[in-house]
Amino acid sequence: MSIRVESLTKIYGKQKAVDGISFSAQPGVLGFLGPNGAGKSTTMKILTCFIPQTSGTASVCGFDIEKQSLDVRKHIGYLPESNSLYLDMYVKESLGFIAGIHKISSPEKRIAQVIEQTGLGPEQHKKVGQLSKGYRQRVGLAQAILHDPEVLILDEPTSGLDPNQLIGIRQLITELGKTKTIVLSTHIMQEVEAVCDNVIIINKGKIVANDSLQGLRNKNKDISLENIFINLTNN
Ligand code: ADP
């Protein structure tokens, strides 16, 4: 199993943001859904070792997030919700910087591959700050996959993109999900239908559904995913 989470809890002050969740994930795309404030980003930050959990355990590719965080970081790529990029760097320069952090051998070859894969080719000679939102998102994705991690955590990777940009990023996620384990948070139900194999719905820090897309539909008498989401989280 690429990701294993057991009884994970995060309390900020008096606020329980994540409340004893357990789940696992393997290669494919797992939709991580829930209303704003449900605890999605917090879970993603814990899995990527950005913040510590309050209690519970989790592992990524067999490595414990608390005790083996360096190994976890080697095996995971993360596109945070508010992705801070180096705006003054050229696209290739920013990827070179990240390649250096990961100590990637033959960085130029790998950067060229990732530029091709993420469709950054036409914009590769610009500074990151000169790029449109869709292309900046591609830079974020390129950075996240540069070290070819087995697990990718993508926090609302398509928010704010226009329909054409959406299609491009979704195709890339689908392609990557053929070999990698991807946890994808999104509010767009169409996107879930287009790219996800399995779905977890989280509400007020607790998991209220964990199933395949088809399994979720079968259990809910084939009502739309949007209505399933509303029924499970509107309380
Ligand atoms: P989601 O990603 O599902 O929108 P979050 O994980 O961002 O939800 O937030 C879950 C809850 O935790 C929210 O009530 C949010 O206000 C709270 N929260 C998130 N980050 C912090 C923080 N750094 N300090 C205090 N509360 C936080």
Exercise. For the stretch 59-70, what does the Karplus curve 6.51 cos²θ - 1.76 cosθ + 1.60, with θ = phi - 60°, yield as ³J(HN,Hα) per residue in whole Hz, taken in order and with x for Gly and Pro?
Worked result: 9, 10, 6, x, 9, 6, 5, 8, 8, 10, 5, 5
Problem set entry | Most positive-pole-ward Cα, Gly77, Val208, Val18, against dipole of the chain from beta carbon charges | Val18
Exercise. So what are the ³J(HN,Hα) numbers for the stretch 134-150, from phi and the Karplus equation (6.51, -1.76, 1.60; θ = phi - 60°), rounded to whole Hz, Gly and Pro as x?
Worked result: x, 6, 4, 5, 5, 4, x, 5, 4, 5, 5, 9, 3, 8, 6, x, 7
Exercise. Using a basic spin-label model with each label point 7 Å from the Cα along Cα→Cβ, how many nm lie between Gln15 and Asp88?
Worked result: 3.3
Exercise. So what's the gap between the Cα centers of the stretch 198-235 and the stretch 48-74, to the nearest angstrom?
Worked result: 27
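Heavy-atom accessible area per residue, the stretch 63-201, 1.4 Å probe: how many Å²?
Details: 6740 Å² over 139 residues.
For the stretch 63-201, the solvent-accessible area averages 48 Å² per residue.
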Exercise. Can you give me the Cα centroid spacing of the stretch 82-150 and the stretch 1-28 in angstrom?
Worked result: 30
For this session: Rounded, prolate or oblate: pick one for the stretch 125-201, where a ≥ b ≥ c are the square roots of the eigenvalues of its C-alpha gyration tensor, a/c under 1.5 means rounded, and failing that, prolate if a/b is larger than b/c, else oblate.
Result: oblate
Problem set entry | Cross-link table Lys92/Lys180; Lys103/Lys204; Lys92/Lys206; Lys14/Lys219; Lys16/Lys178, entries beyond 31 Å C-alpha to C-alpha | Lys103/Lys204; Lys92/Lys206; Lys14/Lys219; Lys16/Lys178
Exercise. How much of the accessible area of the chain, in percent, comes from carbon and sulfur atoms when a 1.4 Å probe is used?
Worked result: 48
Seminar exercise, completed: Non-local residues with an amide H under 5 Å from the amide H of Leu152, with H modelled 1.01 Å from N and Pro and chain starts lacking one, are Gly77, Thr181, Ile182, Val183
Exercise. How large is ³J(HN,Hα) for each residue in the stretch 115-125, as worked out from phi by the Karplus curve 6.51 cos²θ - 1.76 cosθ + 1.60 (θ = phi - 60°), to whole Hz, x for Gly and Pro?
Worked result: 4, 5, 4, 8, x, 7, x, x, 10, 5, 8
Exercise. Which loop-located GluC sites (Glu not before Pro) does the stretch 1-88 contain, where loop means any DSSP state but H, G, I, E or B and the Cβ has at most 15 other Cβ atoms within 10 Å?
Worked result: Glu66, Glu81
Problem set entry | Amide H contacts under 5 Å for Val18, placed H, 5+ residues apart | Lys10
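The values are calculated or read from the model by the stated rules, or taken from the named source; none is laboratory data. Model, not experiment: these values are computed from the prediction. Neighbour counts are summed over all protein chains in view; Cβ atoms, including those assigned to glycine, are modelled from backbone coordinates with ideal geometry. For accessibility, only protein heavy atoms count, side chains too; no ligands or nucleic acids. Shrake-Rupley method; radii C 1.70, N 1.55, O 1.52, S 1.80 Å.
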